[in-house]
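Peer 1: Take this structure first; my questions come after.
The values are calculated or read from the model by the stated rules, or taken from the named source; none is laboratory data. A quick note: this is a predicted structure, and the numbers were derived from the prediction, not measured. Note: ideal-geometry Cβ built from the backbone for every residue, glycine included; neighbour counts use all protein chains shown.
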Amino acid sequence: MIIMIDSNGDIIWRKNYGDDDITYNSGNVEIIESDDGNLALAGGWMPASLTLVDYTSGNVILSSDLPYGNARKIINTEGGFAILGIGESDNVSAMKVDYQGGVIWSQLYDDPSTMGPLDIINQDDGGYLIFCYSDPPPYATLIKIDDEGNERWRKKYDDYIGGGKGWIHQTDDGGYFMASGYAVTKLDSEGNVEWNAAAPTGFDKNFNNGMVSGINYDMKKIEGGAVMVGYGSADWE
């Protein structure tokens, strides 16, 4: 079900998509406004699917299966959408799909093995940066790929991924903020660590204040930094 509401909280339209044979039963569904002004949904299990929905009515424009499963993240990109999911043996996969649901390219990052797709962002060179995690420790992993999904480099970071959540965004100086369940890492433009700070303990810097235990709910970019949502209690620390 999708509910469209206005700025006053009044319902504009509400649609249940059972009659369209569209189901997202994995618990991982993301919806964005596409560059053409409609809505794009990525989700599902095996296979994952992309669904385009009319912004004003909620009617389905198209729905197409994707080559891999369990889509976790969708972003607008040049000529369509970039989607992050899971492929064979639970390795991280990425796909580029056009506005008609056609797959432009798809890649699996299994050499060495990866797991837990978390986030994907556009890069100025037309490529993408993938945030995921992998075994053995350290868990936090960045994969730089080109505009056809080919891996260019991979780096691992001394950070535990908590709750299967993680976010990355580019900062004003050309570097990155990378947030996991328990820490934030500031990276330069090449993915090298400038500093890192923990919610509870573990790094030289922390933003604990005696109450923060984790930040594994969300992170959004703001001017000059980021805002994060987490949990904690004065009794826990």
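Peer 1: Give me the residue from region 53-82 that is hydroxyl-bearing (Ser, Thr, Tyr) and part of a loop (DSSP other than H, G, I, E, B) and, out of that set, farthest from residue 34 (Cα to Cα).
Peer 2: Once the filter is applied, the top-ranked residue is 68.
Peer 1: Tell me which of these residue 101 doesn't satisfy, since it passes every other one: (1) in a loop (DSSP other than H, G, I, E, B); (2) under 22 Å from residue 132 (Cα atoms); (3) not aliphatic (A, V, I, L, M).
Peer 2: Among (1) in a loop (DSSP other than H, G, I, E, B); (2) under 22 Å from residue 132 (Cα atoms); (3) not aliphatic (A, V, I, L, M), the lone unmet condition for residue 101 is (2).
Peer 1: So in region 4-20, with the set limited to residues that are exposed (fewer than 11 other Cβ atoms within 10 Å of the Cβ) and not in a loop (DSSP other than H, G, I, E, B), which one is modelled with the highest pLDDT?
Peer 2: 11
Peer 1: How many residues does region 83-100 contain that are in contact with a Gly (Cβ under 9 Å, 6 or more places away or on another chain) and in contact (Cβ under 8 Å) with a residue 24 or more places away in the chain?
Peer 2: Count: 11.
Peer 1: Sticking with this one: Scan region 43-63 residue by residue and report those that are more than 19 Å from the chain's Cα centre (by Cα) and exposed (fewer than 15 other Cβ atoms within 10 Å of the Cβ).
Peer 2: 54, 56, 57, 59, 62
Peer 1: Return a yes/no flag: does region 173-194 have any residue that is modelled with pLDDT under 85, of a type in the set (Phe, Trp, Tyr), assigned to a strand (DSSP E or B) and over 20 Å from residue 114 (Cα atoms).
Peer 2: No; the residues of region 173-194 include none that is modelled with pLDDT under 85, of a type in the set (Phe, Trp, Tyr), assigned to a strand (DSSP E or B) and over 20 Å from residue 114 (Cα atoms).
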